[in-house]
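Chemist: One structure is given below, represented as structure tokens, and several questions about it will come after.
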Amino acid sequence: MIKNNKIFRIVLTGGGSGGHTFPLIAVLRKIKQLSQERNLPIEVIYVGPNDFTLNYIKKEGIEIKPLTTGKIRRSLNPFDILNNFLDIFKTIIGIFQAIIYLYLIMPDLVFSKGGFGSFPVVFSSIIFFIPLYLHESDAEVGLANRLSLKFCRRIFVSFENTLNFLPANKVKLVGNPIREELFYKEEIDKVSLKKSLGIDEKRPLLTILGGSLGAQHINDLILDSLPRLIEELEIIHQTGENDYERVKREADIVFKEIIGSEINKGFYHILPFIEENLTMKGVFNLKDIYFLSDLIVSRAGSGLIFEIAQSGKPSIIIPIPYSPKDHQRKNAYEYQKSGAAVVIEEKNLQPNIFVDLVFQIIKDEKKKKEMGESALKFAKPNASLEIAEELISSLSL
């Protein structure tokens, strides 16, 4: 029974990249779904940095309170050191903003996805003794979550290995929340879908996902490998917004001056970013790409790993070599243990090695099937549901 017609408020926070944004959206959608199905008076509000995350949260139709936030750069570059100093003041401003917002909202709980953008809200929730719930995407616990760990009621984690480093009474293994809208639930004819998208039905499809911000080293690798790959494969290459124009120019040069022909250019599709489920005819969306791909090349962000796992597709994972606490390498090797992926270190990124590995996997039907089955076994599709269920059950409904 609902007490005194009270409206229960949940504040979501976190941000900075797709790895924080899209799991937040997955949890948000599941909270909204459950509250509608059960007729529960729950209001969800996002309080976080005015960055990449905000653009996507806006589309979800909830109240938004943007913050000024800083971040920690681990580079010793003088420019980064100066920015770290300046961002101290941004963080202080963000803390005061968060204190005001949480005082006015006074939520029943805060759910943090981590990242530099979450710190002001987490800090403010501790001041007001608001129940705090965390999610850690990576195999290595991030700084924001480590600082707030002793104040939280529960920390949800993605990787089994992370259980060894956290208090048993607070930690729960759920996986990384993924948007269920990225995957078909009904039977779809692949041939018809490929035709509608202008994809050759006979060529294997190789997809390169550099993450929400792109990956310049991977982009360069694909450009160097393009002459051999394009002979036999259809390629979808997501470059990231910042590197798109450069890669597009250089790809044109590769076709004209190195390959010496543009006959196969129609099999190379270059995109700055791939939205989750656009319905425009002939436009690629992530839902179709996960469904149609034969092999996926990706960075080792937890969000991408768990999405690829849910797609049931084999993958080549290339971790960022200098990620905070080396978390991408740890993510990658944890995933590789499942048999679903092959990890290549960036220092070993030679075009001939990469191309040989791509063809070794993509031409071996047995290997593809085994890797795909391992991916599905690793996947944890109910992560957002488990988190939403616990958050809702903790409210005094």
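The values are calculated or read from the model by the stated rules, or taken from the named source; none is laboratory data. Only a predicted model underlies this, so the values are computations on that prediction, with no experimental measurement involved. Using ideal geometry, Cβ is built from the backbone for each residue, glycine included, and neighbour counts are taken over all protein chains shown.
Chemist: Looking only at segment 213-236, how many residues end up being surrounded by fewer than 19 Cβ atoms within 10 Å (Cβ to Cβ) and outside any helix (DSSP H, G or I)?
Modeler: 3
Chemist: Sticking with this structure for a sec: Give me the pairs: first residue in segment 241-255 and assigned by TED's automatic domain parsing to the domain that holds I222, second residue surrounded by 14 or more Cβ atoms within 10 Å (Cβ to Cβ) and at pLDDT 95 or above, beta-carbon distance under 7 Å, and six or more apart or on different chains, which are they?
Modeler: Final answer for the pair search is V247/L223; E250/L223; A251/L223; A251/L226; A251/Y268; V254/L223; V254/L226; V254/P227.
Chemist: Got a sec? Which of E201, E181, E232 is among the acidic types (D, E) and either in contact with a Phe, Trp or Tyr (Cβ under 6 Å, 6 or more places away or on another chain) or free of Cβ contacts under 8 Å to residues at least 60 places away in the same chain (or both)?
Modeler: Details: E181 fails: either in contact with a Phe, Trp or Tyr (Cβ under 6 Å, 6 or more places away or on another chain) or free of Cβ contacts under 8 Å to residues at least 60 places away in the same chain (or both); E232 fails: either in contact with a Phe, Trp or Tyr (Cβ under 6 Å, 6 or more places away or on another chain) or free of Cβ contacts under 8 Å to residues at least 60 places away in the same chain (or both).
When all the criteria are applied, what remains is E201.
Chemist: For S393, are the conditions met, namely being among the polar types (S, T, N, Q) and under 15 Å from E307 (Cβ atoms)? Write out each step before concluding.
Modeler: Working: among the polar types (S, T, N, Q): yes; under 15 Å from E307 (Cβ atoms): no.
For S393, the condition - among the polar types (S, T, N, Q) and under 15 Å from E307 (Cβ atoms) - is not met.
Chemist: Of the conditions (1) under 24 Å from P23 (Cα atoms); (2) in contact with a helix residue (DSSP H, G or I) (Cβ under 8 Å, 6 or more places away or on another chain), R329 fails just one. Which one is it?
Modeler: (2)
Chemist: Then there is this: Quick one: which of L286, L292 is more than 15 Å from the chain's Cα centre (by Cα) and under 24 Å from S192 (Cα atoms)? Show your work before the answer.
Modeler: On the way: L286 fails: more than 15 Å from the chain's Cα centre (by Cα).
Residue meeting the stated conditions: L292.
Chemist: Still on this structure, I have one more. Of the residues in segment 60-90, how many are at pLDDT below 90 and closer than 30 Å to K30 by Cα? So that I can check it myself, show each step before the final result.
Modeler: Quick first cut of segment 60-90, residues at pLDDT below 90 only: 68-90.
Next, only the ones that are closer than 30 Å to K30 by Cα stay: 68-71.
Final tally of qualifying residues: 4.
Chemist: So if I check each of V141, V157, V121, which one is touching a helix residue (DSSP H, G or I) at 6+ places or on another chain (Cβ under 7 Å), under 23 Å from Y333 (Cα atoms), aliphatic (A, V, I, L, M) and touching a residue at least 24 places away in the same chain (Cβ under 8 Å)?
Modeler: Values: V157 fails: touching a residue at least 24 places away in the same chain (Cβ under 8 Å); V121 fails: under 23 Å from Y333 (Cα atoms).
Matching residue, one of V141, V157, V121: V141.
Chemist: Does K368 satisfy being at pLDDT 95 or above and under 23 Å from I222 (Cα atoms)? Even if it seems obvious, please write down each step before you answer.
Modeler: Values: at pLDDT 95 or above: yes; under 23 Å from I222 (Cα atoms): yes.
Yes: the conditions hold for K368.
Chemist: Check G339 against each of (1) on the phi > 0 side of the Ramachandran plot; (2) in contact with a strand residue (DSSP E or B) (Cβ under 9 Å, 6 or more places away or on another chain) and name the one condition it does not meet.
Modeler: Status for G339: all satisfied but (2).
Chemist: So, in segment 283-297, of the ones that are outside any helix (DSSP H, G or I) and modelled with pLDDT under 95, which residue ends up farthest from L182 (Cα to Cα)?
Modeler: Across segment 283-297, the extreme among qualifying residues is V283.
Chemist: Also: Kindly list the number of the only condition in (1) polar (S, T, N, Q); (2) buried (at least 23 other Cβ atoms within 10 Å of the Cβ); (3) under 23 Å from P66 (Cβ atoms) that fails for S158.
Modeler: It fails just one condition, (3).
Chemist: Out of everything in segment 116-146 that is small (G, A, S) and in contact with a strand residue (DSSP E or B) (Cβ under 8 Å, 6 or more places away or on another chain), what residue ends up being surrounded by the fewest Cβ atoms within 10 Å (Cβ to Cβ)?
Modeler: Applying the first criterion (small (G, A, S)) to segment 116-146 yields 117-118, 124-125, 137, 139, 142, 144.
Next cut, in contact with a strand residue (DSSP E or B) (Cβ under 8 Å, 6 or more places away or on another chain) only: 117-118, 125, 142, 144.
Values: G117: 32, S118: 32, S125: 28, G142: 20, A144: 25.
Once the filter is applied, the top-ranked residue is G142.
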